[in-house]
Amino acid sequence: MKRRKSFLQRWPLWLLLLLILASVNFVSLPYYVEIPGSTEPLDERVIVQGKTGRDQGELMFTTVFSLSASPYTWLYGKLAPHAKIVPKQTRLGRVRSPESYQRLLEWMRDDSEASAMIAALRVLNKPVQLNYEGVIIQYFLENAPSAKLLYEGDIVTAVEGSPVKTTDDLKTVLAGKKPGDKAAVTVKRGSRTETLQVPLMELDDAAGKRTGFGFGYSTVQVPIHQEDIRFDLNDIGGPSAGFMIALEIVSQYEGGTLPRGYKVAGTGTVDADGTIGQIGGIDHKIITAAKSGADYFILPRNVNPTDRNETDARAAYEKLGKTKMQLLPVSTLAEAVETLKKLPAASPTGSR
């Protein structure tokens, strides 16, 4: 009886301990935990209206799951065989906040869709033109006064009342300005548009001394064409599905024949000219593709001295052990299309 009473007397202590353990999960650490994500078919995510050919195989994009680290997820990242702990600053780069980073990821996704359409239509020899709708801020230089008023992910559409559609337009409207001057900058921020008086600074780099805002930027591009191509990709962010989106567009125009009856997973950015670019997390994507039963994994080839995708992919592939999946490194969309067309057609069971 005394023993039971002793336990009951201690229940506040046990309750406190449970509350402490539970609250630890809400502590945010300056890390992300990355793990292999999903492998998903694109035929229901990319729709070319009027193209109803039955898919012969599947083209699939791959993802990486990224979790903001708490003490528990951080521990999981240390113990799990395919998890990786990444400092938030490494992930965010020069972007100052996760919110701004998220806006940039959404633009990167939209931009990759635009580039995928342009590249695919050019490979198909279909007419397509480019329109430009401003420049998007990607990062700020250290001590840039403009950073007090502007944010990463803002789209600059005018300066001093003059329309800004391309990076060249931005340089032109700043000609004659001096460091310390202010310029009226019209920006689109989400659904809002506002005009702000933004101070200028002196820039001194490889391009020489000049006056500017002190931020890095890219042109916002919009393809103009007569095709009816629609996307359902709002739940993903970043540009790394662009290459596979372009392949899916080409495949649908060719009756779904491009996979040759296989399950083809892959990753990579794609430029409007069809160049396939490097991406992050390829080791995780190799793992999820193999687990999904992919026959082939198509990926960016190492072209430049700093490229790592092909090297890292082969290292991750070697660690998989026994797998039927094969790697297909490519450098352009046209090369990828020809590489898939040269594969021997799969048997009805999908085996080689």
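The values are calculated or read from the model by the stated rules, or taken from the named source; none is laboratory data. Remember, it's a predicted structure, so these values are computed and weren't measured experimentally. Don't worry about glycine lacking a Cβ; one is built from the backbone with ideal geometry, like all the others, and counts go over all protein chains shown.
Below is a table of values for the structure above.
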item: Filter pass, T195 being among the β-branched types (V, I, T), modelled with pLDDT under 95 and farther than 30 Å from Q56 by Cα; result: no
item: Top-ranked residue in region 109-151 [being among the basic types (K, R) and touching a Leu at 6+ places or on another chain (Cβ under 9 Å); ranked as nearest to L258 (Cα to Cα)]; result: R122
item: Members of region 317-336 that are polar (S, T, N, Q) and at pLDDT below 95; result: T323
item: One residue from T339, T332, T323 being of a type in the set (V, I, T) and either under 23 Å from S218 (Cβ atoms) or crowded, with 22+ Cβ neighbours inside 10 Å (or both); result: T332
item: Candidate set from region 239-275 (those that are under 20 Å from the mean Cα position of the chain (by Cα) and surrounded by fewer than 21 Cβ atoms within 10 Å (Cβ to Cβ)); member that is farthest from Y101 (Cα to Cα); result: D273
item: Index of the failed condition, I47 passing every other in (1) of a type in the set (A, V, I, L, M); (2) not in a loop (DSSP other than H, G, I, E, B); (3) not assigned by TED's automatic domain parsing to the domain that holds E254; result: (3)
item: Residues that are assigned to a strand (DSSP E or B) and on the phi > 0 side of the Ramachandran plot, drawn from region 186-209; result: G208
item: Hits in region 299-320 - residues which are of a type in the set (D, E) and surrounded by 13 or more Cβ atoms within 10 Å (Cβ to Cβ); result: D307, E310, D312
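Here is a yes/no grid of residues against (1) in contact with an Asp or Glu (Cβ under 7 Å, 6 or more places away or on another chain); (2) assigned to a strand (DSSP E or B); (3) without any contact (Cβ under 8 Å) to a residue 60 or more places away in the chain; (4) not basic (K, R):
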site: T288; (1), (2), (3), (4): no, no, no, yes
site: A294; (1), (2), (3), (4): no, no, no, yes
site: N304; (1), (2), (3), (4): no, no, yes, yes
site: D307; (1), (2), (3), (4): no, no, yes, yes
site: R314; (1), (2), (3), (4): no, no, yes, no
site: K319; (1), (2), (3), (4): no, no, yes, no
site: L327; (1), (2), (3), (4): no, yes, yes, yes
site: A336; (1), (2), (3), (4): no, no, no, yes
site: T339; (1), (2), (3), (4): no, no, yes, yes
